[in-house]
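A.B. asks: Before I ask anything, let me first share the structure, which is written out below as C-alpha cells.
The values are calculated or read from the model by the stated rules, or taken from the named source; none is laboratory data. Please read all numbers here as calculations on a predicted model, not as lab measurements. Cβ atoms come from the backbone with ideal geometry, glycine included; neighbour counts cover every protein chain shown.
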Amino acid sequence: MPRSRLMLVAACSLLLVACSSKPSFINEYKIDIQQGNVLSQEAVAQLKPGQTRDQVRFLLGTPMIADIFHQQRWDYIYQYKSGQTGKVESRKFTVFFDAEGRLERVGGDVAVADVSEMTAPTTKTRLIDLGSMTGEAADTPLPPREEPSYFRKTMDMFGF
C-alpha cells in the first residue's frame, strides 16, 4: 500500500512539473505592441511657424500628453515593441507654442523638412509602360475562346 501511494505522489509531481515547463522548441506567439502617435515625415514637413493649435492638431493628431501646467507644449510619444524579438523602439516629438497659441518651434526624433524640400515640387506618380502593340498585331483577331472542360464546368456548378 505505501508503495502505491508513493507512485501516485510521484506521478502527480511529474504531471505538475510537466505543466510548468515547456521545451525550448515551442514558442508562444507574442503580438507586436504599438502605442502612441504615429507621425509620418510628410506630416511633420507640413508644419510651419505661426500655425494655430487646430492646424497642428489636424496635421499631427491629438497629442499624447497635453500638460495643464505646460499649456504651451504638446508631446507626441510613440513606442513599438516587437513581439518576436522584444526590441523596443521609442520616439518623442515635442511642439511648442507661443503665448498667442501659434506654433513657435518643434523638437524631437522626427526630422523637420528643409526649405528646399518645401519649395521643390516632387512628383508622386510615374509612368509605367506595360508594352505596346504594333499595328499588325492590333489588326489580327483574337483566337476563339476554348470551351471549359467537364471538370471546370462541374467546379463552376458548385461555386469553386
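A.B. asks: Looking at Leu59, Leu39, Leu47, which is the one that is within 16 Å of the chain's Cα centre (by Cα) and closer than 17 Å to Arg105 by Cα?
C.D. replies: The conditions single out Leu39.
A.B. asks: Please go through region 36-66 and pick out each residue that is of a type outside the set (A, V, I, L, M), assigned to a loop (DSSP other than H, G, I, E, B) and closer than 19 Å to Ile77 by Cβ.
C.D. replies: Result: Asn37, Ser40, Gly61, Thr62, Pro63.
A.B. asks: A follow-up question, please. Is it fair to say Lys87 is basic (Lys, Arg) and modelled with pLDDT under 90?
C.D. replies: no
A.B. asks: With (1) hydroxyl-bearing (Ser, Thr, Tyr); (2) in contact with an Asp or Glu (Cβ under 7 Å, 6 or more places away or on another chain); (3) exposed (fewer than 13 other Cβ atoms within 10 Å of the Cβ) as the list, and Tyr80 as the residue in question, which single condition is left unmet?
C.D. replies: Every listed condition holds for Tyr80 apart from (3).
A.B. asks: Still on this model: Keeping to region 22-60, report how many residues are modelled with pLDDT under 90, touching a helix residue (DSSP H, G or I) at 6+ places or on another chain (Cβ under 9 Å) and not aliphatic (A, V, I, L, M).
C.D. replies: 3
A.B. asks: Please work out if Ser4 is at pLDDT below 85, in a helix (DSSP H, G or I) and surrounded by fewer than 12 Cβ atoms within 10 Å (Cβ to Cβ).
C.D. replies: Yes, satisfied.
A.B. asks: Follow-up. Examine region 19-34 for a residue that is surrounded by 11 or more Cβ atoms within 10 Å (Cβ to Cβ) and in contact with a Phe, Trp or Tyr (Cβ under 9 Å, 6 or more places away or on another chain), and state whether such a residue exists.
C.D. replies: Yes, region 19-34 contains at least one residue that is surrounded by 11 or more Cβ atoms within 10 Å (Cβ to Cβ) and in contact with a Phe, Trp or Tyr (Cβ under 9 Å, 6 or more places away or on another chain).
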